[in-house]
Amino acid sequence: MLDDKTLIIEFLDGDVESFNTLILQHESLVYGMIFQVVRHKEDTEDLCQDVFVKVYFKLKRFRFESTFKTWLYRIVINSINNYFRKQKLLTWLGQDLKEELATEEHDNSTKKDTIYKMTNKLPNKQRNIVLLRIYQDLPFKTIGNILSISENSAKVSFYKGKENLMEYSKISYAK
């Protein structure tokens, strides 16, 4: 398996197959990250395709100042944010969720769905940090690099996001 840098250089030199290999190496990571947030197969597939089209056209501007994976995470996060802006899905904790919580038994999958929905209610910066920290298990330093913020800022936003999630859960389960 070739490393990302070698594949990028080969692609930039005209080897399209290197790009295909690069995508295959990161496809499941990108799909998983998007699906954990979007929770809809077709939208996830569309967003994955959009991410890799963006990578294809922007790769010539990649400067190797960070890892390819960090750069790719940034594109994924931006695509997810654009998806939510376009779909106006930042109101997950509306009446529908309250009714769902009141009527459904809270097995693990329901709890997991509820947590995803509450996570999507967070402000963009907090949501991005929570997603990268919890669902991708990234260290705060890497999160800071991906989001162009300091490591400390990532930590503060993460803990604010956790506090907000706790509040959302109290509201959701209380009603």
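So here's what we get for this one:
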quantity: Selection from region 4-37 of residues that are under 30 Å from residue 121 (Cα atoms) and either among the polar types (S, T, N, Q) or over 13 Å from the mean Cα position of the chain (by Cα) (or both); calculated: 26, 27, 28, 36
quantity: Considering residues of region 123-147 that are over 13 Å from the mean Cα position of the chain (by Cα) and free of Cβ contacts under 8 Å to residues at least 60 places away in the same chain only, the residue nearest to residue 82 (Cα to Cα); calculated: 123
quantity: Residue count, region 33-57 (criterion: more than 17 Å from residue 73 (Cβ to Cβ), charged (D, E, K, R) and in a helix (DSSP H, G or I)); calculated: 5
quantity: Which listed residue is aromatic (Phe, Trp, Tyr) and at pLDDT below 90, from 56, 116, 73; calculated: 116
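The values are calculated or read from the model by the stated rules, or taken from the named source; none is laboratory data. All values reported here derive from a predicted model rather than from experimental measurement. Neighbour counts are summed over all protein chains in view; Cβ atoms, including those assigned to glycine, are modelled from backbone coordinates with ideal geometry.
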